[in-house]
Structures are given as C-alpha cells and as structure tokens.
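Scroll down for the structure; my scribbles are underneath it.
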C-alpha cells in the first residue's frame, strides 16, 4: 500500500529515514524543476535541490499540517538565496 504524504511526514518526524527518502522521491522532480527554472544550470539546480531537501529534513519538526507545510518552491528560493550569499 502506498503511504500518503501525511503519513510519510509523520514517520519521517520520528526519524524514519526510509519515509524521508520516499518524500524526496515524491517531490524531487518538482523541486529540481523549480531550481532549474531559476538558475538554468543542471548542476547548480541539482545542488540547490539537494540543499532544499537537507533544509526540509532539518525543518521536519515544524511541519504541522501537510502538504501545505512541506517545503516547495519557496524553500528552493530560500536555499538559492542562501547559496548566492555564500558564493
């Protein structure tokens, strides 16, 4: 049975790495697409997507109501802005 996004988030919040991996698989194309649309560079978009999922993992405890609380394009923008500041 395929888990819902809500149940995957709840499992990931309890340190279930496999559940977080399934969340990454679910959202990786959308996050990469948003990043690529901003930077127009495949490798930079991959880096931004990876950084976005790292940010999402660290922010899992703040997710209350899914899927609206899940990091999306706004998180990509925040990650890119952070990367631009560091570079």
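The values are calculated or read from the model by the stated rules, or taken from the named source; none is laboratory data. Being a predicted model, the structure only gives us computed values, none of them experimental. Reconstructed Cβ throughout: ideal geometry from the backbone, glycine too, with neighbour counts over all protein chains shown.
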Exercise for the section: Check residue 71 against each of (1) part of a loop (DSSP other than H, G, I, E, B); (2) modelled with pLDDT of 90 or more; (3) surrounded by 18 or more Cβ atoms within 10 Å (Cβ to Cβ) and name the one condition it does not meet. Expected result: (2)
Problem - Per-region count, region 2-58, residues free of Cβ contacts under 8 Å to residues at least 12 places away in the same chain and either on the phi > 0 side of the Ramachandran plot or within 11 Å of the chain's Cα centre (by Cα) (or both) - result: 8
